[in-house]
1. Quick check: from the Cα gyration tensor, does the range 8-60 come out rounded (a/c under 1.5), prolate or oblate?
2. At 0.36 nm per residue, and after removing the present C-alpha to C-alpha distance, how many nm does the segment from THR48 to TYR61 gain when stretched out fully?
3. Of the labelled options [x] 15.9; [y] 14.8; [z] 27.3, which one gives Kirkwood radius over Cα pairs in Å as computed for this structure?
4. Using helices alone, I'd like the mean residue ellipticity at 222 nm for the chain: each DSSP H run of four-plus residues gives -39500 (n - 2.57), total over residue count, nearest 500.
5. How would you order 20-26, 87-93 from highest to lowest mean count of nearby Cβ atoms within 10 Å?
6. Taking the Cβ of PRO114 as the centre, find all other residues whose Cβ is under 11 Å away and add up their charges (Lys, Arg: +1; Asp, Glu: -1).
7. Of ILE53, ILE37, ILE9, how do they rank once you tally other Cβ atoms within 10 Å and put the fewest first?
8. Let me spell out the model: positive unit charges on the Cβ of Lys and Arg, negative unit charges on the Cβ of Asp and Glu, origin at the Cα centre of the chain. What dipole size does that give, in debye rounded to 20?
Amino acid sequence: MDHNERPSIRYSGTTVDCADAGALADFYAALTGGAVIVRQDHWALIRTGDGEIAFQATPGYQPPVWPDPAASIQMHLDFYVTDRPAAERFALDLGAVKFDHQPNDDHCTVFADPAGHAFCLSTWGEPS
């Protein structure tokens, strides 16, 4: 295939593995002000003002370990906030856990969601 004739491919969203899709969807819907728009036994989908995130229950799910030099985090979600201290308190109230290791704490705070995935609340690079 000629690379100049690229077929239409559009990014549609991210699916996050977890033990309980509904519970993690509820967490991120509350965190972002979004809504759970699909809830099934092993799959859930939220819609925020900025896009969609899906959650998939995976048998034997093991949360990522971070920071760990022997393992990578694989991926994490980034969220821009206007009031980082308030957003941090809100995330903690929802059940997030703040990591001890904060590599960019001048503009970003790294948390684990209830399933153990890392996510960041950041004031750096905020879109206009």
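1. In terms of gyration-tensor shape, oblate.
2. Values: separation 13, 0.36 × 13 = 4.68 nm, distance 2.52 nm.
Taking 0.36 nm per residue and subtracting the Cα distance, the gain is 2.2 nm.
3. Given [x] 15.9; [y] 14.8; [z] 27.3, the calculated one carries the label [x].
4. Details: 2 runs with 23 residues, N = 128.
Helix-only estimate at 222 nm: -5500 deg cm²/dmol.
5. Numbers: 20-26: 20.3, 87-93: 14.9.
Top of the packing list down: 20-26, 87-93.
6. Numbers: positive: none; negative: ASP20, ASP26, ASP113.
Summing Lys and Arg as +1 and Asp and Glu as -1 gives -3.
7. Values: ILE53 21, ILE37 12, ILE9 6.
Ascending Cβ contact count within 10 Å gives the list ILE9, ILE37, ILE53.
8. On the way: 7 positive and 18 negative charges, 47 e Å.
Approximately 220 debye in magnitude.
A short reminder: the numbers here are calculations on the coordinates, not readings from a lab. All values reported here derive from a predicted model rather than from experimental measurement. All Cβ positions, even for glycine, are placed from backbone atoms using ideal geometry, and neighbour counts span all protein chains on display.
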